[in-house]
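Below is one structure, written out as structure tokens, with a few remarks after it.
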Amino acid sequence: MGMEQPANNGPLSSWGGSQNVLFAGDQVHLEGQIDYPSLPAPASGYPLIFVLPHATSTNRQQYDHISRMGTECGAAVFRWDKRGTGGSGAGGAGSVLQDAVKAYETSLAQPEIDKAQVIIYAQNEGTSLLGESFDLFAALLKPTGVVLAGNMLDEKQVILVKAPVHLVVSKNDWNPWQTYAESAAKAHNRTHRMAATFYVAPNTDRRLMYNHSNAFHRGAETSIQEWICRLCPSCHLPPKQD
């Protein structure tokens, strides 16, 4: 198929708005969206959070909570439907990895984005994909930081992510938190000295939702927002709720 140019459906600037984005994956058309905060863009543009979904993600609406968390802090959030899900095509040929790289490239091309403040948010199997191929993403733009949610990178694999990392895992996951949070953070710090941090969420499934619920763990959410705001000067913590 021919190369599609990234397309935005709607105005180039929309405080608090969302814009659908159509773009070319690897021999398949893909669909995503960018969500903007309800505040004017800083002079340098909005910080960007790019979502790298987990293997069984069925549509980008499963990341509504990430969009809310990010936009509350003043960041724009780019999420997308993997091939065969949501509004994206279902091509049999092509690489899922290249789809993800093209999605990242498309996110960086969106209006009013500050490329000096870019966070990759990788979920579960998305953490494995990022660890195996970090240099492909960094060749487009090295991220300011990486959230490894439901991290699946052990002590040897996590050091392949050559950026500041925040690891967030479920205490109830079959992958032991002692390995995929505590030890992985220590290994990253020994190698890169980038102050890797981690958070362990109790009573959650491996997507960090409360057991038997679609609500994201509040402690995990706070830890992610605080970490992003430390890395991105244009971000700010949302007011605390009573």
- Of those in segment 187-202 that are within 17 Å of Asn124 (Cα to Cα) and not β-branched (Val, Ile, Thr), the residue surrounded by the most Cβ atoms within 10 Å (Cβ to Cβ) is Ala201
- Note on the structure: If we take segment 4-47, then strands (runs of 3 or more DSSP E) inside it with 2 or more residues that are at pLDDT 95 or above and either closer than 14 Å to Gly87 by Cα or small (Gly, Ala, Ser) (or both) are 18-24, 29-35
- Query: Any idea how many residues of segment 68-102 are among the aliphatic types (A, V, I, L, M) and under 14 Å from the mean Cα position of the chain (by Cα)?
  - Reply: 6
- Query: Which numbered condition trips up Asp154, out of (1) out of contact with any strand residue (DSSP E or B) (no Cβ under 7 Å at 6 or more places or on another chain); (2) over 25 Å from Gly219 (Cα atoms)?
  - Reply: (2)
- State whether one or more residues within segment 79-100 are buried (at least 16 other Cβ atoms within 10 Å of the Cβ), part of a strand (DSSP E or B), touching a residue at least 40 places away in the same chain (Cβ under 8 Å) and touching a Cys at 6+ places or on another chain (Cβ under 9 Å). no
- The number of residues in segment 215-233 that are surrounded by fewer than 19 Cβ atoms within 10 Å (Cβ to Cβ) and small (Gly, Ala, Ser) is 2
- Item | Count of residues meeting criterion [without any contact (Cβ under 8 Å) to a residue 60 or more places away in the chain, out of contact with any strand residue (DSSP E or B) (no Cβ under 6 Å at 6 or more places or on another chain) and crowded, with 17+ Cβ neighbours inside 10 Å] in segment 44-65 | 1
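The values are calculated or read from the model by the stated rules, or taken from the named source; none is laboratory data. For clarity, every value in this text was computed on a predicted model and none was experimentally measured. Cβ: placed from backbone, ideal geometry, glycine included. Neighbour counts: every protein chain shown.
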